[in-house]
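Chemist: Got a structure for you, questions after.
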Amino acid sequence: MSRTLLFLGLIICILCTEKVYAQDSARVDIDSLSINMSDTLITDSLQVSDPDSLEPPKPEFERISPWKTQAGTGFKAIRDDSLLRWEIWPNWGDFYAYRHNAVSFRQGTTGRIDAFEISGYGPYEQEIRVDGIDISDPVTGLVNFNLVPTNKIGLVIERMAGNYESDIELKDYYLTKPLSHLNFDEASYNYRNLEFMVAQNFEERTNLEISFWDRRDGGNFVENDVQGNQILVKGYHFLREDVQIRGTILRNEINREEPFGYDIGDISTFDFNEFTTQSNVVNAQSQTLRRDLIVGIYHRADSTAPEQAGLAVKQTLSKLDFPNSRDTLFWETSSYTLEGFRQISNNSWKARLSANMEYNNAKRARNFSRQGWMDIQVRPEFELDVSQKIELSASGRYGYRTTDHHEFELSLYSGFRFSNRTNLSMTGSLYSKMPTIQTLYWSSGGFTGNENLENRQGFILYGKIENEVSRRISIGASTRFSTINNDFFVNSDSLFTNGSDYSELAGTLFGSYRVRNFEFESSVTTNGFLVTSTPGEETNTPDSKVWIRNNVFIQGYLYDRATYVRGGVKTVFSPIPYVTRAFNSELQFWETSSSEQWEVPSFFRLDAELSARLRGMMILIRWENLLDGVSQAGYFESASLPMPGRRLIVGIRAQFRN
């Protein structure tokens, strides 16, 4: 930590010479989030001309209005930069691990393929896009949260339909002078994040941003080090006031030591000793490379309107190289996509049609037999504002893959505002989803795909109600009921198969109390409660889980408004043991099971956080798992992979202009 303190002192000395700039509001009411992206719009102050100066006056540039994107129907904003800047997120999955409606299955070190149940939606029912880039693996279908550039997020929106869908919009900068960001986090063992970004407008029409992010974690147990880096190149150019070209290159490389879990024995007596714990496999390492490129041209009606049409091309390279003593996994796929959308609207309704065509080439693949396939998807959407208190929408999706598979989804959404304080929303979705390339064509020493798999089918009913009891107190609840037929899992013969049918219920109760300098939030989340199940092999059905969360924060100005400070604690309590999901490293697949071997005991976790804005810099401190060793030796979120013990993370977010 001495290096961190020395680095912190150096940055403070540099920034003490800068001018103080205005403090943004730190309080964001997530239950009624009001998104304002004006933080990214920075204009030069007026300069008073010196009459004796011989310099000719600078030409006045044409003023450009910031571009506004427009999501599909039913999306709601859940986060923006005004609160994210006060938090440390080494991995975007950690954001969901702290959400009131989620249960996490993290593997203990940042950089791994973690899983989350979000309002009951499992890891194979999730779609997340970053500036139009789908961060799911084209082979396994799993979302890789490590690909998200967490420090550049400007806006996060989501909707609950046949899948959980989230679109992440990265910040754009409208500047006439250079802007640089330096982000640095460090903690015990091998944890470190270092990121540097430079953004420059060549003229008011054109902006280019380049960043490099080095990250690493591990060292608290044997065979669990992770090292990686991310390179982001992002830019836009206005051809006209109503036409914009923009593009993104996102490259991620991650090298992981792979323990295949640890020899836990009796989990209730496991001592969490970093020196005596033994991994199930030694000297196994994986290398992953993911490169995404998207370039598109977009149109809006005028400078104040959001975009209404767009056409983009994308290219994705996904590579895994994973030799180990049990088997060798290797594939390299290239995807080429053409996509577009058109949206029309007036004051009371909007209609949107989007479509994409994607070709996947997997000639260099050791573990599945299919070398190439094409996916085609079409999505119609319609939204109607019946009145100021009633909103209705419908969305559909049809997909076809040249493996002779089809899928569809139909969702109906309704939103009601009974008063200025009560909101109710409901969504019903009927779906049929194709098997993934992995489940159909996998071939390795231990596991086999099944080309005879049927589509996963089901029905989902999701509802949410929120009520502002007063200006200070708000309460709410959400629930999801789903029926699942022909789910995909691995049977006792190591063959992918369709599982038994079952119905599942998940729900969350939440409430908050907020005043100017104090915030308290509390929630109870339940996932995996089986309502009905048919006889047969039930290893594909999830177990019941209950998580209780409480957050307490105080905030306010200090030192005659020279700095703004926010600090508090976050707690998670799991009162009942449950069988977790487990990641099969040899298969790169998240499994569910009724085996007692995967059961984890009840646990409690407390994190303390402190963040402050000092001139042109943010200082963030998180003391994770603060009560580690008090009444429990440690805890698990995923079977056979212990979570890190107590550690102090110190982070710096510095901004430099000119």
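The values are calculated or read from the model by the stated rules, or taken from the named source; none is laboratory data. Predicted model only: the values in this text are computed from it and were never measured. No Cβ is skipped: glycine too gets one built from the backbone with ideal geometry, and neighbour counts run over all protein chains shown. What goes into the accessible areas is simple: the full protein's heavy atoms, side chains included, and nothing from ligands, DNA or RNA. Shrake-Rupley method; radii C 1.70, N 1.55, O 1.52, S 1.80 Å.
Chemist: Show me, bin by bin at 20 Å from 0, the whole-percent P(r) of the chain based on Cα pairs.
Modeler: Result returned by the calculation: 17, 53, 27, 2, 0.
Chemist: A further question on this structure: Which far-off residues, 5 or more places away or on another chain, put their amide H under 5 Å from the one on residue 114, with H placed in the peptide plane?
Modeler: 145
Chemist: Now, a different point. With all distinct Cα pairs included, what does the Kirkwood hydrodynamic radius of region 215-345 come out to in Å, to one decimal, could you say?
Modeler: Here the Kirkwood hydrodynamic radius works out to 18.6 Å.
Chemist: Place +1 on the Cβ of every Lys and Arg and -1 on the Cβ of every Asp and Glu in the chain, take the dipole about the Cα centre, and give the residue among 428, 563, 652 whose Cα lies farthest towards its positive end.
Modeler: Of the options given, the answer is 563.
Chemist: If you take the C-alpha gyration tensor of region 325-409, multiply each eigenvalue by 5 and take the square root, what semi-axes do you get, largest first, in whole Å?
Modeler: They are 39, 14, 11 Å, listed largest first.
Chemist: Longer than 27 Å from Cα to Cα, which of 76/171; 68/314; 389/433 are they? Say none if no pair is.
Modeler: 389/433
Chemist: What percent does the relative contact order of the chain come to when contacts are Cα pairs within less than 8 Å and at least six residues apart?
Modeler: Relative contact order, the chain: 11 percent.
Chemist: For region 178-316, give the percent of accessible area contributed by carbon and sulfur heavy atoms, probe 1.4 Å, rounded to a whole number.
Modeler: The computed percentage sits at 55.
Chemist: Per residue, how much accessible area does the chain show when a 1.4 Å probe rolls over the protein heavy atoms, in square angstrom?
Modeler: In whole numbers, the chain has 44 Å² accessible per residue.
Chemist: Convex hull over the Cα atoms of region 407-563, averaged projected area in nm²?
Modeler: Its average projected convex-hull area is 14.6 nm².
Chemist: Additional query: Please list the equivalent ellipsoid semi-axes of region 604-658, computed as the square roots of five times the alpha-carbon gyration tensor eigenvalues, in descending order and whole angstrom.
Modeler: In descending order the semi-axes read 32, 12, 6 Å.
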